[in-house]
Amino acid sequence: MDLIEGMKARKSIRGFKPVPVPRETIAQILEIATRAPSAYNTQPWEFSVLAGAVLDEVKKAVMERFESGAEPHPDFERPTPLVSIYRTRQVELGKSLFQLMDIGREDNEKRNQWTLKMARFWDAPNAIIIATDKEVSGPLLIFSIGAVTQSIALAALHFGLGTCIEHPPVYYPDVIRQVIGIPDAKKILIAMAIGYPDWEFPANKLESTRELLANAVAWHGF
Ligand SMILES: Cc1cc2nc3c(=O)[nH]c(=O)nc-3n(C[C@H](O)[C@H](O)[C@H](O)COP(=O)(O)O)c2cc1C
């Protein structure tokens, strides 16, 4: 796939076919994606790739915690409640997804099911958990992990795969640590769902909007 075509085609996928991705394919994707730039070439990313019974066990443990109503305690804080135009965009995204999924504003049951599905890696057949050294702090290293996640998302397209970067599956990092044995010396940052997109799944039809470039760029010296 042409680079520009791929960058334009990438979108978050929230419904997957129940077809496992071969380990070799994910290995190739990670091999390619770790060519991503990182601050000081620190490569501050550590991947745990989940499949089959282990993924089921992680999902089950995360579900139990969600359903218990326990307060999330992610290793990296959730953003403070959004304000400004960021909040407006967040609300717009939520509305569009709920509309596609036929989830009513007051339908707490469906909203709850949606959150649980998100926490279950959107029921993807595979998932990637990204951790980093406990000593890591500051924006440059986190920014570097952002770069690698985008590269994973783009490389995945080449293999006919879709991804969704997401935080809720790692809201309770202790349960993930316990199931897959991530040591306390590592902080869990983010998760990615990965699999073959189910194009019939309504949320996958979303074309998320973008601000006009003119509103996001200042040109100087032209
Ligand atoms: C750091 C990060 C966290 C995200 N967390 C979630 C999430 O928890 N749930 C979700 O459905 N999408 C999540 N997304 C995907 C965004 O909602 C998505 O990228 C955005 O709406 C733009 O849509 P697009 O990816 O389809 O272009 C996340 C993306 C990023 C970069």
Find all pairs meeting these conditions: Cβ atoms under 9 angstrom apart; at least six residues apart or on different chains; first residue within segment 198-222 and touching a residue at least 40 places away in the same chain (Cβ under 8 Å); second residue of a type in the set (D, E, K, R) and loosely packed, with under 10 Cβ neighbours inside 10 Å.
-> Pro202/Asp102
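Would you pick out the residues in segment 47-58 that are touching a residue at least 24 places away in the same chain (Cβ under 8 Å), over 15 Å from the mean Cα position of the chain (by Cα) and open to solvent by 20 Å² or more (accessible area, probe 1.4 Å)? Write out each step before concluding.
Going through segment 47-58, the residues touching a residue at least 24 places away in the same chain (Cβ under 8 Å) turn out to be 47-52, 54-55, 57-58.
Narrowing further to those that are over 15 Å from the mean Cα position of the chain (by Cα): 51-52, 54-55, 57-58.
Those that are touching a residue at least 24 places away in the same chain (Cβ under 8 Å), over 15 Å from the mean Cα position of the chain (by Cα) and open to solvent by 20 Å² or more (accessible area, probe 1.4 Å): Ala51, Gly52, Val54, Glu57.
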Residue pairs within 6 Å by beta carbon, gap of at least six or interchain, first lying in segment 149-174 and in contact (Cβ under 8 Å) with a residue 24 or more places away in the chain, second of a type in the set (Lys, Arg) and assigned to a helix (DSSP H, G or I), listed first then second, are Tyr172/Arg65
Any idea which of (1) crowded, with 24+ Cβ neighbours inside 10 Å; (2) away from the ligand (no atom under 13 Å from the Cβ); (3) of a type outside the set (A, V, I, L, M) is the one Thr163 doesn't satisfy?
-> (2)
So which residues in segment 182-197 are in contact (Cβ under 8 Å) with a residue 60 or more places away in the chain and either within 14 Å of the ligand (Cβ to nearest atom) or among the aliphatic types (A, V, I, L, M) (or both), if there are any at all?
-> Ile182, Ile188, Leu189, Ile190, Ala191, Met192, Ala193, Ile194, Pro197
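With Val148, Val170, Val179, Val175 as the choices, which residue is more than 16 Å from the ligand (Cβ to nearest atom) and open to solvent by less than 20 Å² (accessible area, probe 1.4 Å)? Walk me through how you get there before you give the answer.
Values: Val148 fails: more than 16 Å from the ligand (Cβ to nearest atom); Val170 fails: more than 16 Å from the ligand (Cβ to nearest atom); Val179 fails: open to solvent by less than 20 Å² (accessible area, probe 1.4 Å).
Going through Val148, Val170, Val179, Val175 in turn, just one is more than 16 Å from the ligand (Cβ to nearest atom) and open to solvent by less than 20 Å² (accessible area, probe 1.4 Å): Val175.
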Selected residue [in contact (Cβ under 8 Å) with a residue 12 or more places away in the chain, touching a helix residue (DSSP H, G or I) at 6+ places or on another chain (Cβ under 6 Å) and among the basic types (Lys, Arg)] from Arg35, Arg78, Arg23, Arg14 = Arg14
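The values are calculated or read from the model by the stated rules, or taken from the named source; none is laboratory data. This is a predicted model, so every value here is computed, not measured. Here the Cβ is made from the backbone with ideal geometry for all residues, glycine too, and neighbour counts use every protein chain on show. Remember, those area values only see protein heavy atoms, side chains included, never the ligands or the DNA or RNA. Shrake-Rupley method; radii C 1.70, N 1.55, O 1.52, S 1.80 Å.
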